[in-house]
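What follows is one structure encoded as structure tokens, with my remarks underneath.
None of the figures in this text is laboratory data; all of them are computed from the coordinates on show. This structure is a prediction, so every number in the text was calculated from the model and none was measured. Please note: Cβ atoms are built from the backbone with ideal geometry, for glycine as well, and neighbour counts cover all protein chains shown.
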Amino acid sequence: MNMASANANLNDALVQEVEVVPARKQDCLSCRIVGTGTFATVGTYALWQSRAAAPGSPGQKKIVAGLGVALLAGGVIRWFQ
């Protein structure tokens, strides 16, 4: 068996292993509500923990505030996905 036929057999095997993934279905309304609510609640909690009166250094509070904003944005994205 030469190298060209070995490569051809390998290519044929790889092509046969590829399967088509169907388009993603949209989640049910209750799944969207729970997912959005979870993101929004955790994001709000993170923002609450980044307030001035909360314990921690200013750098830590900025990181937690950024996480809170990202989680709230994730909730919005989750709702419209």
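Some points to look at:
- Kirkwood-based shape ratio for the range 39-80, expressed as Rg/Rh from alpha carbons: 1.05
- The packing ranking, built from the mean of other Cβ atoms within 10 Å per residue, places the peptides 71-79, 25-33 in the order 71-79, 25-33, highest first.
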